[in-house]
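Read through the structure below, which is laid out as structure tokens, and then see the notes.
The values are calculated or read from the model by the stated rules, or taken from the named source; none is laboratory data. Everything numeric here is computed off the predicted structure, so don't read it as measured data. Using ideal geometry, Cβ is built from the backbone for each residue, glycine included, and neighbour counts are taken over all protein chains shown. With ligands, DNA and RNA removed, areas are computed over all heavy atoms of the protein, side chains included. Shrake-Rupley method; radii C 1.70, N 1.55, O 1.52, S 1.80 Å.
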Amino acid sequence: MSEEEKWPEIEKAAAEKRRELVLQGRAINERISSSGGLPSSLYSLRLLNYLEVSQCPSLAEIQEGIQHLTNLQSLILCRNKLTSVPDVIGILTSLKVLDLSANGLKGLPEGITQLKELNTLNVSCNCLEALPDGLSQCTKLATINVSKNQLTALPPDLFSERLDLLSTLVASDNSIHQLSGEIYKLSALKVLDVSNNKLSEIPTDLSDCPKLKEVNFKGNKLSDKRLEKMVNGCQTKSILEYLRGKGRQGEEGGDADKKKKQQQRKKKGKKAEEQDEVEELNKMVVRVLHASEASTALTVKVSAEVKDVRPYLVCCLVSGLNLKPGNALKRFLMAQTKLHDDLCGRRTTATIATHNAQLVKHPLVYDVKPPTQLKIVALGRREMTAVELIRQLHLEADELRKQKKRQNVTGLHKYLQLLEGKSFYPCLVDAEGDVISFPPITNSEKTKIKKTTKELLVEVTSSTSLQTCKDVMDALIVKMAELNKFTAEHKELAGSDGEADEAPEPATVTETSSQLIVQQVRTVDQDGNLKVVYPSKTDLSKEISNITVIW
């Protein structure tokens, strides 16, 4: 039996030019055990930007072939039994997320320091005794988790002004004896957790970290007993004020240069704090709810037949979008239309569909049907077959041309040519057998969104690529966050545009919150194998200055 036959997931990923691959669980582990590791064919999937191999205790090493996956943005190798990682990992210069947690690593390769785009590094729950020097070269690092290892110190290079994006540093449950006073150089640091270590002192310079919001020093035997009590019961602000007071006392006997340096740091810190406050006010928040954390996680099954018609689909659930006040719904529909005309290339590259999630009957199947058998109650119309709908739209288009005396038409009519010559049409079908989406033409009246809609099922389909779907979905979610923030700030009255289902009323506090919650939706093939999950760690990760994504 060939390697490809043993690993159908890899064969399928190659054949379908997939950009994501997840290998995890008992069946995968048994194959790794019997074959002595991962197959070399894995490293030929050069289009991958997301690779996860997890929960495989038989996996002890990653071969140097990993260097060929140069498009990887996320590499998740958690909960295995890795004892080493090859130095060639430094060749993966597009890597943004590296998760090596819960393995048996005793050291990290220096190649990690060459990952210039690295944003998140998680090496928690290993046996690391030291971190490599040179992490300051990874200037885009925002999160580092080295908890539950055997570290006795953090490298001096970690406390560098070059790491001006590092906001979270978790180093709990180690044997760290000292925290460098140079920590004040981490100007973006917001969260610091060094609990359960062997610290006896906390540097007063910590109080000069301008953005620090959360610290955890519990489980350390501090020589300052008052401070030890404070770290076990006081808020971060009180701890930092105490350290600041100690710092001032220590300066009284210092020389002029030291005082001048301290004043410069404080001035810089105050300016950064003011800037941070402005940034926080302007930022929009998108919180991602993982499918595994949701009791009603939605999965969409994709039939094999869509491959030759419109093969690519991503979905997600969005709550927190307030459509009730004023023109909020109208603004959202106009924004969707603009995305269709611009980013979606007038629906030629992708199509967006939005549904009232509460009206969607699970499970869903993305399928194809002959035009004569595809029946849908299109928005604002009676039930008809796709053939009847297309004929009706053509008649309307001709009538519109005569009335307007123009060559081109607007609305749904301009997308009709996208289906010409197709023997089958794509459709999203619910558990009751009803077609709720007929891309790229229309949605169903059955799941139409209204002002009172509280949760949306959003789908993006494409015949171009999976990445196209993801890019469009990213852009739509950012636009939804912007619209939500606008609605919250302007505090319009509900129903003020005359389209509400009930009498106008002032928006409540919860309704004016601008935070969006995006719940992952898994797309699987007919055998239940994962095709894609959106959003994944590589999605919504582009450098958008005015949005914060909470995973």
* Asked: Is it true that some residue in the stretch 167-176 is open to solvent by less than 10 Å² (accessible area, probe 1.4 Å), in contact with a Leu (Cβ under 6 Å, 6 or more places away or on another chain), of a type outside the set (V, I, T) and farther than 20 Å from N232 by Cβ?
  -> yes
* Qualifying positions in the stretch 144-183 - among the polar types (S, T, N, Q), over 16 Å from N220 (Cβ atoms) and under 25 Å from the mean Cα position of the chain (by Cα) -> N145, S167, T168
* To do: Among the residues of the stretch 367-391, write down those that are closer than 22 Å to T354 by Cα, surrounded by fewer than 18 Cβ atoms within 10 Å (Cβ to Cβ), in contact with a helix residue (DSSP H, G or I) (Cβ under 6 Å, 6 or more places away or on another chain) and modelled with pLDDT of 90 or more.
  => none
* Quick one: which of S180, S200, S195 is buried (at least 18 other Cβ atoms within 10 Å of the Cβ) and of a type in the set (G, A, S)? -> S195
* Residue by residue through the stretch 80-127, note down the ones that are under 20 Å from the mean Cα position of the chain (by Cα), under 16 Å from L59 (Cβ atoms) and surrounded by fewer than 17 Cβ atoms within 10 Å (Cβ to Cβ). => none
* To do: Test each condition in (1) touching a Leu at 6+ places or on another chain (Cβ under 8 Å); (2) open to solvent by 50 Å² or more (accessible area, probe 1.4 Å); (3) modelled with pLDDT under 90 for K450 and report the one that comes out false.
  => (3)
* Do you know which residues across the stretch 453-488 are among the small types (G, A, S), part of a helix (DSSP H, G or I) and open to solvent by 20 Å² or more (accessible area, probe 1.4 Å)? -> A475
* To do: Can you work out which of the residues in the stretch 320-356 that are at pLDDT 90 or above and assigned to a strand (DSSP E or B) is surrounded by the fewest Cβ atoms within 10 Å (Cβ to Cβ)?
  => N356
* Structure fact -> Across the stretch 196-216, the tally of residues that are of a type outside the set (A, V, I, L, M) and assigned to a helix (DSSP H, G or I) stands at 4
* Under 7 Å between Cβ atoms, at least 6 apart or on separate chains: pull out the pairs that start in the stretch 326-351 with a residue that is in contact (Cβ under 8 Å) with a residue 24 or more places away in the chain and end on any residue that is among the aliphatic types (A, V, I, L, M) and open to solvent by 60 Å² or more (accessible area, probe 1.4 Å). => G326/L493
* Within the bounds of the stretch 169-183, is there any residue that is within 17 Å of V97 (Cβ to Cβ) and either touching a strand residue (DSSP E or B) at 6+ places or on another chain (Cβ under 6 Å) or outside any loop (DSSP other than H, G, I, E, B) (or both)? -> yes
* If you go through the stretch 114-127 one residue at a time, do you hit one that is outside any loop (DSSP other than H, G, I, E, B) and either in contact with a helix residue (DSSP H, G or I) (Cβ under 6 Å, 6 or more places away or on another chain) or more than 20 Å from D157 (Cα to Cα) (or both)? -> yes
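Quick check, is L72 in a loop (DSSP other than H, G, I, E, B), free of Cβ contacts under 8 Å to residues at least 40 places away in the same chain and of a type in the set (A, V, I, L, M, F, W, C)?
When the stated conditions are applied, L72 passes them.
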* Asked: Does any residue in the stretch 1-21 that is open to solvent by less than 80 Å² (accessible area, probe 1.4 Å) come within less than 6 Å, Cβ to Cβ, of a residue that is at pLDDT 85 or above and among the β-branched types (V, I, T) six or more places away or on a different chain, and which pairs are these?
  -> E20/V532
